[in-house]
1. Consider Glu162 carefully, then state whether it is more than 26 Å from Ala141 (Cα to Cα), free of Cβ contacts under 8 Å to residues at least 60 places away in the same chain and not small (Gly, Ala, Ser).
2. Please give the number of the condition Val474 fails out of (1) under 18 Å from Pro317 (Cα atoms); (2) part of a loop (DSSP other than H, G, I, E, B); (3) in contact with a Phe, Trp or Tyr (Cβ under 6 Å, 6 or more places away or on another chain).
3. Pick from Val312, Val351: which is under 22 Å from Ile456 (Cβ atoms), aliphatic (A, V, I, L, M) and in contact with a strand residue (DSSP E or B) (Cβ under 7 Å, 6 or more places away or on another chain)?
4. Looking at Asp319, Asp257, Asp331, Asp303, which is the one that is surrounded by fewer than 20 Cβ atoms within 10 Å (Cβ to Cβ) and without any contact (Cβ under 8 Å) to a residue 60 or more places away in the chain?
5. Can you find, within the range 428-439, the residue that is least open to solvent (accessible area, probe 1.4 Å) among those that are part of a helix (DSSP H, G or I) and within 10 Å of Ala516 (Cα to Cα)?
6. Could you say whether any residue in the range 263-278 is more than 22 Å from Gly475 (Cα to Cα) and among the aromatic types (Phe, Trp, Tyr)?
7. Just to verify a result, which residue in the range 457-503, among those that are among the aliphatic types (A, V, I, L, M) and over 25 Å from Ala223 (Cα atoms), is surrounded by the fewest Cβ atoms within 10 Å (Cβ to Cβ)?
8. All but one of (1) surrounded by fewer than 21 Cβ atoms within 10 Å (Cβ to Cβ); (2) over 25 Å from Gly329 (Cα atoms); (3) modelled with pLDDT under 95 hold for Val313; state the number of the condition that does not hold.
Amino acid sequence: MPAAGESTTDRREKLAGYQRSIAGAGDKNTLIEAIQNALNVSAPVGSPSTLDDIAKRYAKQAEAARDVQDRVEQVAQKGLPDAWVGSTGAKAQEVVLAAARSAEQMDQAIRGARRVLILLSDALTNAQSEDKGGREQLREALGMLGGEDGFFDDMVEKDAEEAERLRARNIASAGAKTMHAAAEKADDAAREAARDLNKLAAEARAGKMKTDNISAADRLVLADTGVAGRSAELNELLTANDLERSGKAMERMNARDQAEFERMLKESKSPQERAYLVKALAAGYDLNEVSEFRDKIHGKDPDWLQRHLTPVVHGDPSDTTTYGQKFNGKDWSQDGETCVPSTVVTGRAMVDPVYALEITGGPSGQEDDPDAFRERLTEEQLRLHEEGDGSDSYDFPFGSTPSGMDNEGKTTISNKEISPHTGGEYELQETGSADARRDVLPDIEKAVAEGKPVPIGVQGQENGERVGHSMMIVGQEGDMLQIYNPWGTTTWVSEDDFINGKMGSASRESLSDPYAVHLPAE
């Protein structure tokens, strides 16, 4: 809800500075200038009454959504024959169960959006009221101070004038503190609303696949398909971005290719097999490449598919312990000082199942050997290290070994390896302060909710020297972020820990400060 050219975080940051300036003002003119600067910061903008009206409309829509959910669940409970199949081979029971979950998600989304708007309205009402009170105190202080002193007036300050100035400063300090608190409330509420609404929008996933090449029923099943053996809500196989990109790819197909792709989907042996074929299409592969991929995975059971094609699975965000991400007991982790290329390798494997299979299954796609997987993973890490012009250390006569990569190299390999498969080109954004991290957080969470991983750099001090590390934000639920560490682990950290530079739990305490992120463009 920022005024033109001024974000809620800008307002918060400015008022924090002016609050300090007022408290530290040592003369009348400096105090007047600081007060005027604070008054020139715009008040929290927005209409609580408009938000309340929208929330009321959502309440009525939620009732209708609940009715739809009850009816679909009744059909699901009665059961349906296996004889009916959709155009891609989705059995009727799959469709009805997917429809039931979609109806439940619709109900939750509408109720969730209503709750978000009510909370935002309440926070905005309180922030505007507090801001108004703080401004009144600042104006009172200005009235006490009168006009600015001239050159000679400023040379001598009488005791009574000093006492009045100090009293005015105390009142102004209290007012500026109140305004800053109001700005914090407005900023936090706006950011949380943006986070939750973006997440809800991304979860309205079936509608992202805008194509008539497959039926609405089959689109429902695809959007509902989860990674085998994992929570479907946390591990939906196709992201919002996958569904949107695959729909566009299908729309570009000629009639012959459409029929061939529909045949592949129809002959799939599980919902997961169908979904991985769609994910490959979303990753940018043409029909011939998807067909080759299909031949390698056709008929594999869902556990095999997960193991070979989904390198990172998401656990419960309430569990903040470190969780290993493995293939047959071997970690998806870096080899040596290759944290940047290792982050990007795993990030690409998350969005590109064809690439993931090359690493886990080898040229044939059929291998299940963990040691061979590690060899291929290391080769990819070294390839990307060269691609990003990474630094090397030398140990004569044994040759060179990787010793790190700068942000320019990270940008290069992220855009070469991940961007073609998600459609979002990465740009470096420095996040060296809490305000900078707070400001960028909604963009990070929106990208992750849509299915676009976000590389992140962390730093700290060890033995008096700067140390750095590369990780990746790969998940978001509520106020928690899931961090992939190329040491082969994932960990949930809170938004507050990210903002306040306390991310040590994702790696180690000396690597707590998130100083930069690479954001994918829209």
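The values are calculated or read from the model by the stated rules, or taken from the named source; none is laboratory data. Everything quoted here is computed from the prediction, not taken from an experiment. Cβ: placed from backbone, ideal geometry, glycine included. Neighbour counts: every protein chain shown. Quick note on the areas: whole protein, heavy atoms, side chains included, nothing else; ligands and nucleic acids left out. Shrake-Rupley method; radii C 1.70, N 1.55, O 1.52, S 1.80 Å.
1. no
2. (2)
3. Val312
4. Exactly one residue qualifies, and that residue is Asp257.
5. Arg437
6. No - not one qualifying residue is present in the range 263-278.
7. Residue satisfying both the conditions and the ranking: Val467.
8. (2)
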